[in-house]
There are 2 protein chains.
Amino acid sequence: MPFTPGFTGSVLDRVEIERLAPDIVPRLLAEGDALFLDMPDYLPAADESGLLWTAVPGDIPPEQLVLLGRIAGRPRFTRIAPDLLGGRRTPAVSALIEALSAGDATTYAVARSLLDWHARHRFCAFCGHASDLARAGWGRLCPNCGTEHFPRTDPVVIMLAEHERGPQARVLVGRQPTFPPGRYSALAGFLEVGESIEGAVARELAEEAGVRAGAIRYVASQPWPFPSQLMIACIAEVADPTVTLDMNELEDARWVDRDEVFAALAGDESAPFQAPPPYAIANTLLRAWAEGA
Amino acid sequence: MPFTPGFTGSVLDRVEIERLAPDIVPRLLAEGDALFLDMPDYLPAADESGLLWTAVPGDIPPEQLVLLGRIAGRPRFTRIAPDLLGGRRTPAVSALIEALSAGDATTYAVARSLLDWHARHRFCAFCGHASDLARAGWGRLCPNCGTEHFPRTDPVVIMLAEHERGPQARVLVGRQPTFPPGRYSALAGFLEVGESIEGAVARELAEEAGVRAGAIRYVASQPWPFPSQLMIACIAEVADPTVTLDMNELEDARWVDRDEVFAALAGDESAPFQAPPPYAIANTLLRAWAEGA
C-alpha cells in the first residue's frame, strides 16, 4: 500500500553528484536563471500560490549561499544568515505547511533542516575552531584541523501498539502534557546508538507504556524538519494490553478501535480524541492502520 | 518473517530513565557489583568466551566513565580515554565481531558508537568551547553556552534493486573499488536531510546505478558501529534493468538470481561473487530476498 506522509512529495533534484564540484555555486549562478528562497527566521517567503522564488540577490556573500538543488531544471538557493540561531516550530510555520503543496512542503523541509544545522554547528566539534560552510551548503569544513562535518539527521521511531487483530483490533494512543487539548498521537522516541529500528520500538513501548512488543512491522517514513528528524513509523503487536504509563513522558494513554480512529481523522465532534495534523506521520500511521496496514 | 541482522541481539538494559538521575554514576558504583569493559583504541577486552568484564578500576576519573546500562542486573561501564580519537574498523575488530555472540556484539556496538562520538565531539559545535561528558555518557554539556549535545546516529539506506518477481527474479549487487577481491554487495548511501527512507532509496539507485525504483519494501535494520550508522535495508522493484554505473561509487554491478545468491551466501567456490560478512545487514538482506522477502 502506498502512503504519502507529509514532506515526502519531493520535486527537488538534489544534484548530489553535480554539487561535489568545488566551483558549483559560481557555475550555477552563471547559468543566469537561478532562483532564491528567502527564509528569515525559518519562515519562508510564500503566498497563496506557494513558496515565493526570486532572483538570487547580488549582495549575498558566497559563503552564505546554500544550494538546495534544481527544480524544473533551475538552480535553487537559500541563505544562512550569519546571525541565525536554531529555531523551533512556530504557529505561523505550522499554518504555512498545511497550505503548501506536497512539493513545496518538502523543499521547505530540506531548506529548513539545512539552515538549522548550520546555525547550530558553526564550530568544529573536534577542535573547537570556527568552521566554514562547504560543499555548497551540504557540509562544513574546519580550516584548523581539516575535519569535515555533514548535516545531521536523527532517527525517531513512532509507533502504534496493536492489541488483537481483525474486528477487535485496537491501538494505543498517548497524550503528552504539551499537546493541544484533546490531542492524542502515536508514541515516539529517539533511536539510540547501537539500536535497530525494531529494538527502539520495543524499548520505547516498554519505557513509555509498559507494554511488551511482539512482531513489529514497518509502515512508512518521513523527514521532520524541526529541526531534522527521520520519522520511522511502525506497528507493534502486543499480547497484553495492560498499560503502565511513564508519567514523565505521557499524561494519558488509551486504546482506540478502528471506528474511533476514523472519527478522529475525520475531525468528528464525537471522536474520542483529536488526531495529529495531516503533515505529521502519526496521522498517516493512524490512517494506514485503520485502512488495514 | 523475522530476520536477525548483526548487532541486534541486545542483552543490554539501557536504563534510559534511571540514567537521567544526576548522581546515577556514583549511585551505581556504590552498588558494588558494577562491571567494566576496557576498549583501548576500540578493541574490547575479550577471549574465546566473549567480552571480558572486570571490576571498575578505581583510578578512572568520573568524567571518563560511560554507563552502558545493565546486563543481568549488573551496571556496566566503559571509558572514554582523554586522548582517544575517532576510529576505523580494523581487521582485528572484524575478526572479533565474527567470534562474538549476538548479545556481546550488540553491547560492543553501543560502547563503540558512544566512545567514538565523544572522541569526535569534545567541543561545542554551537560556541566552540570545550564540552563536558554529561548524562552518564549519553550526552555532552557545554559549560560556556549551556547547549546540550546528544550522540549522533546517521541513517543509511541499503537496498537491492529487484527485476521481475518469481522464478525469473534477479537483484542488483555492486562492487566498490575498496572491497576485498570478488566481493559484491547491496548498494547503499547516506540518507540526506529532508528525505524519507523511500526517497533516499530511489535517489541512491538512480544516482549509483541509473535505475528507476518502483514499489519499495522495507526488510530489516541494524546499527552499524563504524562509527554510528543506522542501516535500513529495503528492496526496490525496477521495471527496466538497464544499469548506468556512477563510476565514482562503483566499479562494477551485476544482476544475480536466487541460486547465485544462495551460492554466494554459502561461500561456494562456484559462486559468481563473494557475499558480505554475516554481521553486515547486506548479508541479511540478500538472504531475506533469496528466501522470499
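No lab work stands behind these numbers, since they all come straight from the coordinates. Keep in mind the model is a prediction, meaning the values are calculated, not measured. Don't worry about glycine lacking a Cβ; one is built from the backbone with ideal geometry, like all the others, and counts go over all protein chains shown.
Quick notes on this structure:
- Around A:C142: net Lys/Arg minus Asp/Glu count, Cβ-Cβ under 14 Å: +3
- With label points defined 7 Å past Cα in the direction of Cβ, position B:T178 shows copy-to-copy spacings of 3.8 nm, given to one decimal and shortest first.
- Charge dipole (Cα centre; +1 on Lys/Arg Cβ, -1 on Asp/Glu Cβ; no other charges) of the range B:18-124 amounts to roughly 380 debye.
- Equivalent ellipsoid, the protein assembly as shown (semi-axes from 5 times Cα gyration tensor eigenvalues, Å): 33, 30, 29
- For the range A:56-90 and the range B:95-139, distance of Cα centres in Å: 33
- Sites A:E148 and B:D252, calculated FRET efficiency, Cβ-Cβ separation with R0 25 Å, nearest 0.05: 0.35
- The residues packed around B:G87, meaning those with a beta-carbon under 10 Å from its beta-carbon, carry a net charge of +2 if Lys and Arg are +1 and Asp and Glu are -1.
- Among beta bridges from DSSP that stay inside chain A, the antiparallel ones total about 75%.
- Within the range B:250-290, the proportion of C-alpha pairs whose separation exceeds 15 Å stands at 36%.
- Label geometry 7 Å along the beta-carbon vector: B:G146 inter-copy distances in nm: 3.9
- Computed over the range A:95-139, the convex hull of the alpha-carbon atoms projects to a mean area of 3.8 nm².
- Three-way shape call for the range A:13-161 based on the alpha-carbon gyration tensor, with the a/c threshold at 1.5: oblate
- Calculated FRET value between B:I24 and B:A102, using beta carbons and R₀ = 22 Å, to 0.05: 0.20
- For the range A:18-143, the share of DSSP beta bridges that are antiparallel, to the nearest 5, is 90%.
- With N counted as the residues of the range A:154-290, its alpha-carbon radius of gyration over 2.2 N^0.38 Å works out to 0.96.
- On full extension, the segment bounded by B:A55 and B:R89 gains 9.5 nm, given 0.36 nm per residue less the C-alpha separation.
- Computed as a quarter of the hull surface, the mean projected area of the alpha carbon convex hull for the range A:42-89 stands at 4.5 nm².
- Order of B:V171, A:V56 - criterion: other Cβ atoms within 10 Å of each residue's Cβ, fewest first: A:V56, B:V171
- A DSSP coil position with no more than 16 other Cβ atoms inside 10 Å describes the following GluC sites (Glu not before Pro) in the range B:225-264: B:E251.
- The Cβ shell under 9 Å around B:V110 holds other residues with a net charge of 0, Lys and Arg each +1, Asp and Glu each -1.
- Label sites at A:E164 and B:E31, each approximated as a point 7 angstrom past Cα along Cα to Cβ, lie 3.9 nm apart.
- In summary, the range A:196-263 shows an alpha-carbon radius of gyration equal to 1.22 times the 2.2 N^0.38 Å reference for compact globular proteins.
- Folded to 0 to 90 degrees: helix B:281-290 orientation relative to chain B principal axis, Cα: 40
- log10 of Debye I(q)/I(0), alpha-carbon scatterers only, for chain A at 0.08, 0.11, 0.15 Å⁻¹: -0.41, -0.73, -1.13
- For the protein assembly as shown, a simple Cβ point-charge model (Lys and Arg +1, Asp and Glu -1, everything else neutral) yields a dipole of about 500 debye relative to the Cα centre.
- Estimated FRET transfer efficiency (B:H129, A:A81; beta-carbon r; R0 22 Å; 0.05): 0.45
- Charge dipole magnitude, Cβ of K and R +1, D and E -1 - the range A:229-269, Cα centre, debye nearest 20: 180
- Taking the label point 7 Å along Cα→Cβ, B:P22 and its counterparts in the other copies are spaced 5.0 nm apart, in ascending order.
- The protein assembly as shown: antiparallel DSSP beta bridges as a percent of all, rounded to 5: 75
- Rounded to 10°, Cα long-axis angle of helix B:197-209 versus longest principal axis of chain B: 60
- Rounded to 10°, Cα long-axis angle of helix B:102-120 versus longest principal axis of chain B: 70
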